């Protein structure tokens, strides 16, 4: 028997959150060009906007490639941390210049 997706099951899908800081954005279009799913688009003035949030896969390419740090994507892992548990930050080996 097939299971059909109802409106209730669709709501359970995590919606990503994309913030675009217009004051920092110079409308270069890099975020739109690197979006692999077409979730972002440019308006008439060339400024990026979220065209279809449902297409966003939380990859973060737009955020990584933005030269002005004007776009942020809330990652999936942030919401899945345990209740009341603080996740230890991962230590990264940094070579010292000495």
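The values are calculated or read from the model by the stated rules, or taken from the named source; none is laboratory data. Only a predicted model underlies this, so the values are computations on that prediction, with no experimental measurement involved. Reconstructed Cβ throughout: ideal geometry from the backbone, glycine too, with neighbour counts over all protein chains shown.
Inside segment 25-38, can you point out the residues that are surrounded by 12 or more Cβ atoms within 10 Å (Cβ to Cβ) and assigned to a loop (DSSP other than H, G, I, E, B)?
25, 26, 27, 28, 29, 35, 37
Would you confirm whether any residue within segment 71-91 is modelled with pLDDT of 95 or more and either more than 11 Å from the chain's Cα centre (by Cα) or part of a loop (DSSP other than H, G, I, E, B) (or both)?
For segment 71-91, residues modelled with pLDDT of 95 or more and either more than 11 Å from the chain's Cα centre (by Cα) or part of a loop (DSSP other than H, G, I, E, B) (or both): absent.
Output the number of residues of segment 42-62 satisfying the condition of being farther than 14 Å from residue 22 by Cα and either loosely packed, with under 14 Cβ neighbours inside 10 Å or within 12 Å of the chain's Cα centre (by Cα) (or both).
Adding up the residues that qualify gives 12.
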